[in-house]
Amino acid sequence: MHHRRCVLGLFLGAAALATQPAFASDVWPTKPIRIVVPYTPGGLTDVLARLVAQKVSITLGQPVVIENRPGAGTAIGAEYVAKSPADGYTLLMSGTTTLSTNPFIIKKLSYKANDFTPVALIGMVPFLAVTHPSIPAKNLKELVTFAKANPDKLTYSTSGTGTSSHLVGEMFESVTGSKLRDIPYKGTSPALTAVLSGEVSMTFDGVTLYIPHIQSGKLNPITLFGEQRVASINQVPTMVEQGYKDAVAMAWFGLVAPTGTPREAIDRINDAVRKALSEPELSAKLREFNAYVEPRSPAAFGELIQREAVLWGRVLGPLNIQID
């Protein structure tokens, strides 16, 4: 119930923007804007933030600076932004982990969902399941049959306990009734290396890093967790297509601000992001990462976060995964 109240607060906060005091929207911004990325440089979240920041800076007429504050499963960067002034000058490049899953699995989380208000959704990347070619199952039906006949024989790499790759694996087990064994690694790269080498049977992760290895035949694609197929691997069906209607898992990326940020600042940032996403150059770059470009209003973005929180609450609640 506590988690539900926190999540609900995020959207009540979005609705409350209408009551925020007005400020001189024709003047703001008068100084650089910071986007805090709660990951190390070079990852997908960081790259997307930098691409968008460049375009938003031009529209708003002020530098938009990226500041990396990684650690504690994104909690360090999130806490920093939550405690920053609510003036529109400090934003968080948030995602699924920060607001959709951390509140359910981290015991002493240093922030609450209602510390933030949604600003602008940038894009979403679907998760997928891939296996090493040595695994005899070549499609979802065969994989589920094999897993049920051989409980705990199939292993899957994760980028750490409680990360998206781990949680999507838990979702897969839950909806298919199969039993796998997760093997945690220290990050995405070693988790990818583990499945490429055959050290583990399979993995679950965002599609971006895996498509080249699927196209080269080094990995066998089993299924997608998105709502639609991905153009570059259009032969791979979704879980929904194959009868698992509740198995939708997307990594979303977007900007959030400290609760209390003036409506005018949020609207101007949202407009600038939407303009950036409409430019062919940027939208093409996002498609290279197999990201669905999803410009939405702050309210519609808030509804997405709420749906994601409900989804992951349903999946994670019975599992009682707790991280210190």
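Every number in this text was worked out from the coordinates using simple rules, so none of it is lab data. Just so we're clear, the structure is a prediction, and the values are computed from it rather than from any experiment. Neighbour counts run over all protein chains shown; Cβ positions are idealised from the backbone, glycine included.
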For this session: Work from the charge dipole of the chain (Cβ charges, +1 for Lys and Arg, -1 for Asp and Glu, about the Cα centre) and give the residue of 100, 270, 144 farthest towards its positive end.
Result: 144
For this session: Rank 221, 304, 291 by how far each Cα sits towards the positive end of the charge dipole of the chain (+1 on Lys, Arg Cβ; -1 on Asp, Glu Cβ) and give me just the farthest.
Result: 221
Problem set entry | the chain: C-alpha gyration tensor shape, a/c 1.5 cut-off, then a/b vs b/c | prolate
Exercise. If you build the Cα gyration tensor of segment 149-246 and take the root of 5 times each eigenvalue, what three semi-axes come out, in whole angstrom, biggest first?
Worked result: 19, 18, 12
Exercise. So which residue, out of 128, 192, 91, gets the largest mean-square fluctuation from a GNM of the chain using Cα contacts under 10 Å as springs?
Worked result: 192
Seminar exercise, completed: Among 186/275; 141/218; 31/83; 179/245, the pairs whose Cα-Cα distance exceeds 29 Å are 186/275
Exercise. How large is the charge dipole for segment 126-233, taken about the Cα centre, if only the Cβ atoms of Lys, Arg (+1) and Asp, Glu (-1) carry charge, to the nearest 20 debye?
Worked result: 220
Exercise. Taking every DSSP beta bridge that has both residues in the chain, what percent is antiparallel when rounded to the nearest 5?
Worked result: 60
For this session: Rounded to the nearest 500, what is the 222 nm mean residue ellipticity of the chain from helices alone, with -39500 (n - 2.57) per DSSP H run of 4+ residues and division by all residues?
Result: -12000 deg cm²/dmol
Seminar exercise, completed: Listed by chain and number, the residues whose amide H is under 5 Å from that of residue 122, excluding neighbours fewer than 5 places away on the same chain and using placed H, are 253, 254, 255
Problem set entry | segment 64-165: trypsin sites (Lys or Arg not before Pro) in DSSP loop, at most 15 other beta carbons within 10 Å | 83, 107, 108, 138, 153
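Sum up the charges of everything whose Cβ sits under 12 Å from the Cβ of residue 92, counting Lys and Arg as +1 and Asp and Glu as -1, but leave residue 92 out.
0
Could you list the square roots of 5 times each eigenvalue of the Cα gyration tensor of segment 73-212, that is, the equivalent ellipsoid semi-axes, sorted largest first and rounded to whole Å?
Value: 34, 15, 13 Å, ordered largest first.
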